[in-house]
1. Of (1) basic (Lys, Arg); (2) buried (at least 20 other Cβ atoms within 10 Å of the Cβ); (3) under 16 Å from Thr154 (Cβ atoms), Arg72 satisfies all except one. Which?
2. On the given criteria, is Thr154 polar (S, T, N, Q) and under 17 Å from Leu66 (Cα atoms)?
3. Name the pairs whose Cβ atoms lie under 6 Å apart, with the first residue in region 103-119 and more than 13 Å from Pro10 (Cα to Cα), the second assigned to a helix (DSSP H, G or I) and among the polar types (S, T, N, Q), and 6 or more positions between them or separate chains?
4. Looking only at residues that are open to solvent by 10 Å² or more (accessible area, probe 1.4 Å) and aliphatic (A, V, I, L, M) in region 119-136, which one is modelled with the lowest pLDDT?
5. Using beta carbons and a limit of 6 Å, which pairs, at least six apart or on different chains, have the first residue in region 138-165 and more than 13 Å from Leu14 (Cα to Cα) and the second one open to solvent by less than 60 Å² (accessible area, probe 1.4 Å) and part of a helix (DSSP H, G or I)?
6. When you check Ala40 against the structure, is it at pLDDT below 95, over 11 Å from the mean Cα position of the chain (by Cα), more than 30 Å from Val126 (Cβ to Cβ) and surrounded by 15 or more Cβ atoms within 10 Å (Cβ to Cβ), yes or no?
7. Identify, please: which residue in region 52-69 is surrounded by 11 or more Cβ atoms within 10 Å (Cβ to Cβ) and at pLDDT below 75 and is, among those, nearest to Ile11 (Cα to Cα)?
8. Test Val49 against the stated conditions and say whether it is closer than 21 Å to Arg140 by Cβ, open to solvent by less than 80 Å² (accessible area, probe 1.4 Å) and modelled with pLDDT under 60.
Amino acid sequence: MQDPGPEPIPISALQHAVYCLRQAALIHLERLWAENVHTAEGAVLHAVVDKGGGRHARGVRRVMSLPVASRRLNLAGVADMVEFAQVDGREVPFPIEHKRGKPKLHRADEVQLCAQALCLEEMTGVPVPQGALFYAETRRRVVVPFDAGLRALTETTAAELAHLLATGT
């Protein structure tokens, strides 16, 4: 029987690692996590998208709670919402991550979203040039282009987190 390899890294762990690698270790190695008002508000926000399902609106197919994964990066998670628009005869994915607060100065949310895009590219074979972060506090979408710099940061973060999880240090 073939060794399945290490457990996939949760995409959400990349967001923790960009914000603070020590925090990621505490959550994902030591399993130290405590609910607070912010995580509870986030859970309420996600209640709608976490139900899953989909719908069509103005020529765009929307899928909520879409499982995504990348064998190459050993990542797995669930995209809050992915819009599929017809472009040149094929469906192009546009991931949308819902966040409780407002845009941040660091790139943690962008890395989490980019990881979803990299998974979608591997799964569909279609380039994903951009996605969006929807912030509940501002009730606005922030479009995020997946440029070379963000893709490199996402892949580097995934490799660093994989090393941290494999070594336990």
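1. (2)
2. The answer is no for Thr154.
3. Taking only residues 6 or more apart or on different chains, the pairs are Ala108/Gln15; Cys114/Thr154.
4. So, considering only residues that are open to solvent by 10 Å² or more (accessible area, probe 1.4 Å) and aliphatic (A, V, I, L, M), the one modelled with the lowest pLDDT is Ala136.
5. Taking only residues 6 or more apart or on different chains, the pairs are Val144/Glu110; Val144/Leu113; Phe146/Cys114; Phe146/Ala117.
6. No, not satisfied.
7. This residue is Gly52.
8. yes
The values are calculated or read from the model by the stated rules, or taken from the named source; none is laboratory data. If you're wondering where the values come from, they're calculated on a predicted model, not measured in any experiment. Every residue, glycine as well, gets a Cβ built from its backbone with ideal geometry; the counts of neighbours run over all protein chains shown. Quick note on the areas: whole protein, heavy atoms, side chains included, nothing else; ligands and nucleic acids left out. Shrake-Rupley method; radii C 1.70, N 1.55, O 1.52, S 1.80 Å.
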